[in-house]
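Notes to accompany the following structure.
Read-outs: derived from the displayed coordinates by stated rules, not from any lab. Computed from a predicted model, the values in this text were never measured in an experiment. Positions of Cβ are backbone-derived with ideal geometry, glycine not excepted, and every protein chain shown enters the neighbour counts.
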């Protein structure tokens with residue numbers, strides 16, 4: 001029997017009008033458009049690759065609006081992707097196709113569909129980038145004004161997609177500071193689902209610019225049909241799903257146009273950020289694997305280079321930076337097998353020494369009272385201990401108590417004729433990156449450090465304030481609505497300059513924790529700080545959600561102290577280690593406060609993480625048991641491409657007498673291979689019953705292993721916590 005064809009966008013219907021089918025194939029997926037000159041292009045299909053026969057047979061659906069880039073003005077009741085006011089005041093736009101072209105570009109192909117308004121010289125190019133080796137298609141719009149006067153763009157989505165109504169569910173992320181990446185799941189009902197951000201600087205604390213659509217009921221992890229979408233933009237965004245009285249849901253994504261009217265003069269263009277789409281028949285985890293592979297290979301800076309195991313100073317000493325203390329922390333991380341030490345906030349300021357968060361941002365000079373030997377001395381000590389050295393900066397920001405602000409008060413973002421709204425510490429302000437002089441300054445912060453101290457291996461780039469007041473002292477008054485757009489264009493230009501000169505420098509995106517987890521900024525960053533909350537239990541939930549769209553190699557996950565500094569929860573070190581080892585492993589702790597036994601456990605964990613690092617950071621994720629299902633346990637695993645090696649994680653999330661936890665079935669293994677099981681980070685007095693034994697992939701995926709609910713340790717070491725990390729290797 002012929003394999004059933006999954007239809008996402010189409011209904012089998014008579015062809016009313018047929019133009020040329022533009023087929024955009026990327027890896028194992030395909031997008032098909034009907035492009036007829038003089039008419040609006042239409043969606044025909046999005047899903048798995050089609051056979052030649054199926055491609056000939058499909059038609060444009062007729063039970064909904066299939067416009068690829070619907071414009072406002074001639075069907076005003078419906079939602080649109082594009083709206084504008086022409087130079088003569090006309091608010092209606094009719095975009096029709098004038099042709100298309102295909103441009104091979106190495107492993108990628110760029111397909112461009114050209115549109116033009118039927119009356120005005122207003123041009124829109126719809127761009128589609130496809131890949132030879134990953135299942136991802138990116139789309140964005142380039143809008144060009146050739147009218148005699150200035151036009152106003154009031155809506156400029158990156159793209160949209162109709163999704164056939166059925167039992168469709170949305171999975172997306174929400175949260176707050178210290179609670180990022182939480183998972184929300186909801187059915188698509190009549191009306192609107194809107195996900196948006198208006199922070200101005202960061203954009204992934206309260207919501208995320210990514211979403212999954214499960215097409216056949218509430219999402220499952222490793223089966224089911226799923227569309228994934230991610231807007232690749234570091235600024236304000238809006239994702240919107242409109243469900244009306246037709247047979248379709250209509251998904252739109254792009255820059256949030258609130259208070260951001262874009263005015264284009266004759267000859268000027270606006271290019272929207274890319275909107276990336278994927279499709280999988282292997283559930284949420286399948287779509288995640290597509291995002292991860294695409295991200296590592298094409299988006300994330302140095303995405304296929306293993307990340308170093310580091311100790312960051314922040315939770316260990318906070319602002320109490322001094323030469324002796326940094327030397328001691330370097331010695332400790334080196335002794336535990338770590339590879340990098342990062343000195344966090346508190347190292348700078350001459351006239352205004354950085355003693356807390358109320359001063360000194362912008363004054364990137366060493367505080368010689370704290371560090372008499374300067375960065376030179378820190379680099380010397382790092383070399384002595386055989387570790388690399390990194391440093392914290394917050395270059396987009398300043399304080400009103402700083403030499404920078406005293407010299408350049410005109411460089412900050414503030415509303416015209418009004419006092420600046422102040423942030424962290426009662427003095428923090430945001431520098432105006434629309435200003436080329438500010439761009440030069442921010443570039444110089446990194447360039448000056450790297451020119452003077454080329455041995456610096458890592459920069460932690462922070463951003464601890466939103467744009468709280470609307471206004472640019474650089475932009476003319478008639479372009480004040482360009483503030484958000486211009487800020488992120490300036491940010492992009494600055495980062496491009498930095499990466500052009502320092503392509504191999506490791507840079508972390510920290511923004512009050514996880515405020516910059518977005519594919520729009522990750523081409524210039526190697527990783528991001530998932531959250532300022534390092535509590536291991538809460539990290540299980542946050543890192544689970546974050547993994548929907550981002551790979552482990554990008555997710556900084558650190559072992560911290562107990563009680564935890566954010567939640568004050570007491571969690572044993574074994575559990576904290578096992579959670580941190582599921583991401584990019586690091587430490588956020590004062591080692592001198594650890595016992596020798598704790599240091600030994602961490603030393604062993606670091607050694608074992610080095611063994612599994614390629615699997616975790618480069619492998620394929622299979623999420624097995626969600627903590628959000630409240631089953632008392634969470635579990636996931638990573639499997640290498642050859643299905644030779646895998647790492648299985650199991651974390652108990654609650655403890656009760658006589659509790660009953662599900663037995664976790666594994667996934668992603670080769671059914672025909674035999675896998676030897678070895679526990680990592682073992683603290684039990686006796687090995688697990690299956691330690692050193694071999695099982696077939698088929699058995700592990702159909703039955704799983706019986707994981708003990710507790711650890712077999714000396715009585716005084718018993719706790720309510722239990723976790724396991726298993727290493728599997730094919731024999």
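What distance in nm separates the two pseudo spin-label positions at residue 693 and residue 75, each 7 Å out from Cα along the beta-carbon direction?
Here the modelled spin labels are 6.2 nm apart.
Take every Cα-Cα pair in segment 68-293 and report what % of them are more than 32 Å apart.
The share of Cα pairs beyond 32 Å in segment 68-293 comes to 20 percent.
Expected output is a single nm value to one decimal: the length gained when fully extending between residue 452 and residue 133, i.e. 0.36 nm times separation in residues minus the C-alpha distance. What is it?
Numbers: separation 319, 0.36 × 319 = 114.84 nm, distance 4.07 nm.
Length gained, residue 452 through residue 133: 110.8 nm.
Over segment 548-691, what per residue volume does the convex hull of the Cα atoms give, in whole Å³?
On the way: hull volume 20.8 nm³, N = 144.
It comes to 144 Å³ per residue, whole-number rounded.
In Å and from the alpha-carbon atoms only, list the Rg and Dmax of segment 64-125.
Calculated on Cα positions, Rg and Dmax stand at 14.0, 44 Å.
Evaluated at 4 °C with a viscosity of 1.567 mPa s, what Stokes-Einstein diffusion coefficient in µm²/s does segment 314-413 have when Rh comes from the Kirkwood expression over alpha-carbon pairs? Each step should come with its number before you reach the end.
Working: Rh = 14.2 Å.
The calculation lands on 91 µm²/s.
Please work out the Kirkwood hydrodynamic radius for segment 450-511, using every pair of different C-alpha atoms, and report it in angstroms with one decimal place.
Details: mean 1/r = 0.0716 Å⁻¹.
For segment 450-511, the Kirkwood estimate is 14.0 Å.
Run the numbers on segment 596-731 and let me know its relative contact order in percent, using alpha-carbon pairs under 8 Å that are six or more apart. Each step should come with its number before you reach the end.
Values: 248 pairs, mean separation 35.7, N = 136.
Averaging sequence separation for qualifying contacts and normalising by length gives 26 percent for segment 596-731.
Given that just one value was derived from the coordinates, which of (1) 43, 36, 20; (2) 37, 34, 31; (3) 54, 30, 22 is semi-axes √(5λ) of the Cα gyration tensor in Å?
(1)
Could you give me the percent of Cα pairs per 10 Å distance bin for segment 622-730, shortest bin first, beginning at zero and ending with the bin that holds the maximum distance?
Final binned percentages: 14, 46, 31, 8, 0.
Mind ranking 49-57, 486-494, 90-98 by how tightly packed they are, going by the mean number of other C-beta atoms within 10 angstrom, highest first? Present the calculation step by step, with values, prior to reporting the outcome.
Working: 49-57: 12.4, 486-494: 20.9, 90-98: 17.8.
In decreasing order of mean packing, 49-57, 486-494, 90-98 become 486-494, 90-98, 49-57.
What is the list of residues in segment 646-672 whose amide nitrogen lies under 11 Å from a point 7 angstrom out from the Cα of residue 629, following Cα to Cβ?
662-665
Regarding segment 286-335, what are the three Cα extents along the principal axes, ordered largest first, in Å?
Computed over segment 286-335, the largest-to-smallest principal extents equal 47, 21, 18 Å.
With the radius of gyration and the Kirkwood radius both derived from the Cα set of segment 250-310, what is their ratio Rg to Rh?
On the way: Rg = 17.6 Å, Rh = 15.5 Å.
Checking Rg against Rh, the ratio lands at 1.14.
Quick check on the chain: helices-only [θ] at 222 nm, where DSSP H runs of length 4 and up contribute -39,500 (n - 2.57) each and the sum goes over total residues. Nearest 500, please.
Numbers: 12 runs with 136 residues, N = 731.
Result for the chain, helices only: -5500 deg cm²/dmol.
Give me the extension gain from residue 51 to residue 148: residue separation times 0.36 nm, minus the current Cα-Cα distance, reported in nm with one decimal.
Values: separation 97, 0.36 × 97 = 34.92 nm, distance 4.73 nm.
Residue separation times 0.36 nm, minus the Cα-Cα distance, leaves 30.2 nm.
Let a ≥ b ≥ c be the square roots of the eigenvalues of the Cα gyration tensor of segment 423-482; is it rounded (a/c under 1.5), or, if not, prolate (a/b larger than b/c) or oblate?
Details: a/c = 3.45, a/b = 1.70, b/c = 2.04.
Note, shape of segment 423-482 comes out oblate.
Convex hull over the alpha-carbon atoms of segment 526-573: what's its volume per residue in Å³?
Working: hull volume 3.3 nm³, N = 48.
Taking only Cα atoms, segment 526-573 has a hull volume of 69 Å³ per residue.
For residue 731 and residue 710, FRET efficiency with R0 = 25 Å and r from the beta-carbon atoms, rounded to 0.05?
Efficiency for this residue pair is about 0.25.
What's the extension gain from residue 496 to residue 603 if we count 0.36 nm per residue and subtract their Cα-Cα distance?
Full extension of this stretch gives 34.8 nm more.
Using 7 Å Cα-to-Cβ label points, what is the residue 658/residue 91 separation (nm, one decimal)?
6.7 nm
Could you pull the Cα extents of segment 242-382 along its three principal axes, largest to smallest, in whole Å?
Computed over segment 242-382, the largest-to-smallest principal extents equal 69, 44, 31 Å.
Counting only DSSP beta bridges with both residues in the chain, tell me the antiparallel percent, nearest 5.
Details: 131 of 162 bridges.
Given both bridge residues lie in the chain, the antiparallel proportion sits at roughly 80 percent.
Kirkwood Rh, Cα Rg: Rg to Rh for segment 621-662?
On the way: Rg = 12.6 Å, Rh = 11.4 Å.
That ratio equals 1.10.
Extent of segment 173-299 along each principal axis, from alpha carbon coordinates, in Å, largest to smallest?
50, 40, 32
What is the calculated FRET efficiency for residue 186 to residue 368, with r their C-beta to C-beta distance and R₀ = 56 Å, to the nearest 0.05? Don't skip to the answer; put the middle values down first.
Details: r = 55 Å, r/R0 = 0.99.
After rounding to 0.05, the efficiency reads 0.50.
Which residues among segment 233-249 fall inside the zone where the amide N is under 16 Å from a point 7 Å beyond the Cα of residue 166, along Cα→Cβ?
Under cut-off, by backbone N: 247-249.
Volume per residue, Å³, of the convex hull around the alpha-carbon atoms of segment 207-266? Write down the numbers at each step before the final one.
On the way: hull volume 9.5 nm³, N = 60.
Residue-normalised Cα hull volume stands at 158 Å³.
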